[in-house]
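The values are calculated or read from the model by the stated rules, or taken from the named source; none is laboratory data. Keep in mind that what you see is a predicted model, and the values were worked out from it rather than measured. With ideal geometry, Cβ positions are generated from the backbone for all residues, glycine too; neighbour counts draw on all protein chains shown. The accessibility values were calculated without ligands, DNA or RNA, using every heavy atom of the protein model including side chains. Shrake-Rupley method; radii C 1.70, N 1.55, O 1.52, S 1.80 Å.
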Amino acid sequence: MEDNKIQEVDKNLLNNITNYDEIKEGAYNIRKNGQGIERKNTENVTIETKKDKPGINIYVKENTKFEFIHIPVIITESGLTDLVYNDFYIGKNANVIIVAGCGIHNDHHKKSQHDGIHRFYLEEGAKVKYIEKHYGEGIGDGKRVLNPVTEVYLKEGSNMEMESVQIKGVDSCIRETKGILDANTNFVVTEKIMTNGIQTATTMFDVQLNGENASTHVTSRSVAADKSKQEFTSKIYGNAKCFAHSECDAIIKDKAIVTATPEITANNVDANLIHEAAIGKIAGEQITKLMTLGLTEKEAEEEIINGFLR
């Protein structure tokens, strides 16, 4: 685990999914081409290599406050398929920020793929903010594929906020997010996705609101351009007195296709479940208004898209 294993291309990937200079301020684990290459534990956070499968266990002591944990993955080897299982055990009343994500650099012709299965176990009163970014680059025609799975288990009084961003350069992505919520818990998910060319992105949410006063708010914002395709499916089950709000907003351009499928199931008379979806193109008057400020049509369109995904 030496610094000289991090090359300039690695730093660029890391800076696109997080801030390389900030990684070493707290506990961290950097995975490159299927192997852990750097790691640091702190007094309150312990990272251990799994013995039975690829991946790590992350243990956060109870009452830990405002610590950062970085676990980025980078791939620079064409033809590599990387599978990793990461489990997070968050102690009672802890409050931490976890930064993950994957960057792939592929200059060749073989497919490079990362499948990450992350499971979060939050004890009573724990709070987690989880930030996950995905990014692809390279001059080769080899595919860059990312398939993240996130499972969240919230015990009474715990809360988790998840931000998931697909920046650019990802040819194919299947994203699965599952949550099981006990009483007085809250799970907030914000997703932002950009696709172009012939890229595809599939998102699937499955949230079980099992405890009284459990709540979730799922928001997906996406832009699909050229001939890219996106699918959004949200399944929320109200199994107790609870609240849920799911919304999908998408902008389509050119010959892109976006499909949104809501499914809300109330298994309790006091379950309050709401779903909203809106898909459409950029309004012409928005572009015209920005062009009066001196922007070209293309610049105006980019400004609207950036603002939408911001």
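Failed condition for His108, given (1) under 21 Å from the mean Cα position of the chain (by Cα); (2) farther than 20 Å from Asn159 by Cβ, with all others met?
Unmet condition: (1).
Restricting the range 105-129 to residues that are under 30 Å from Asn184 (Cα atoms) and outside any strand (DSSP E or B), which is least open to solvent (accessible area, probe 1.4 Å)?
Checked the range 105-129; the qualifying residue least open to solvent (accessible area, probe 1.4 Å) is Ala126.
Quickly run through the range 270-310 and pick out the residues that are assigned to a loop (DSSP other than H, G, I, E, B), farther than 24 Å from Thr233 by Cα and either touching a Leu at 6+ places or on another chain (Cβ under 8 Å) or open to solvent by 80 Å² or more (accessible area, probe 1.4 Å) (or both).
Across the range 270-310, the qualifying residues are Thr292, Leu293.
Give all pairs with beta carbons closer than 6 Å in which a residue from the range 85-96 that is closer than 18 Å to Glu151 by Cβ meets a residue that is of a type in the set (Phe, Trp, Tyr); count only pairs at least 6 apart in sequence or on separate chains.
Note: pairs meeting the criteria are Phe88/Phe120; Tyr89/Tyr59; Tyr89/Tyr121.
Is there any pair linking a residue in the range 145-171 that is of a type in the set (Asp, Glu) to one that is not in a strand (DSSP E or B), with Cβ under 6 Å and at least six apart or on different chains, and which?
If the second residue must be not in a strand (DSSP E or B), the pairs left are Glu156/Glu124; Glu156/Asp182; Glu156/Ala183; Glu156/Asn184; Asp171/Lys143; Asp171/Gln199.
In the range 23-73, which residues are touching a Pro at 6+ places or on another chain (Cβ under 9 Å) and among the β-branched types (Val, Ile, Thr)?
Once the filter is applied, which keeps residues that are touching a Pro at 6+ places or on another chain (Cβ under 9 Å) and among the β-branched types (Val, Ile, Thr), the range 23-73 yields Ile23, Ile30.
Conditions tested, residue by residue: (1) without any contact (Cβ under 8 Å) to a residue 60 or more places away in the chain; (2) farther than 25 Å from Glu151 by Cα; (3) among the hydrophobic types (A, V, I, L, M, F, W, C); (4) surrounded by 20 or more Cβ atoms within 10 Å (Cβ to Cβ).
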residue	(1), (2), (3), (4)
Val9	no, yes, yes, no
Ala27	yes, no, yes, yes
Ile69	yes, no, yes, yes
Gly101	no, no, no, yes
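Looking for whichever is open to solvent by 20 Å² or more (accessible area, probe 1.4 Å), acidic (Asp, Glu), within 18 Å of Val218 (Cβ to Cβ) and within 17 Å of the chain's Cα centre (by Cα) here; the options are Glu132, Glu151. Which one fits?
Only one candidate passes the filter, namely Glu151.
Name the single residue, out of those in the range 29-67 being without any contact (Cβ under 8 Å) to a residue 40 or more places away in the chain and farther than 29 Å from Lys127 by Cβ, that is least open to solvent (accessible area, probe 1.4 Å).
By that ranking, first place goes to Ile37.
Could you please find all residues in the range 254-269 being in a strand (DSSP E or B) and either more than 20 Å from Ala224 (Cα to Cα) or open to solvent by 50 Å² or more (accessible area, probe 1.4 Å) (or both)?
Within the range 254-269, Ile257, Thr259, Thr261, Pro262, Glu263, Ile264, Thr265, Ala266 qualify.
Considering the range 172-193 alone, what residues qualify as being open to solvent by 20 Å² or more (accessible area, probe 1.4 Å) and out of contact with any Leu (no Cβ under 9 Å at 6 or more places or on another chain)?
Glu176, Lys178, Ala183, Asn184, Val188, Thr190, listed by residue number.
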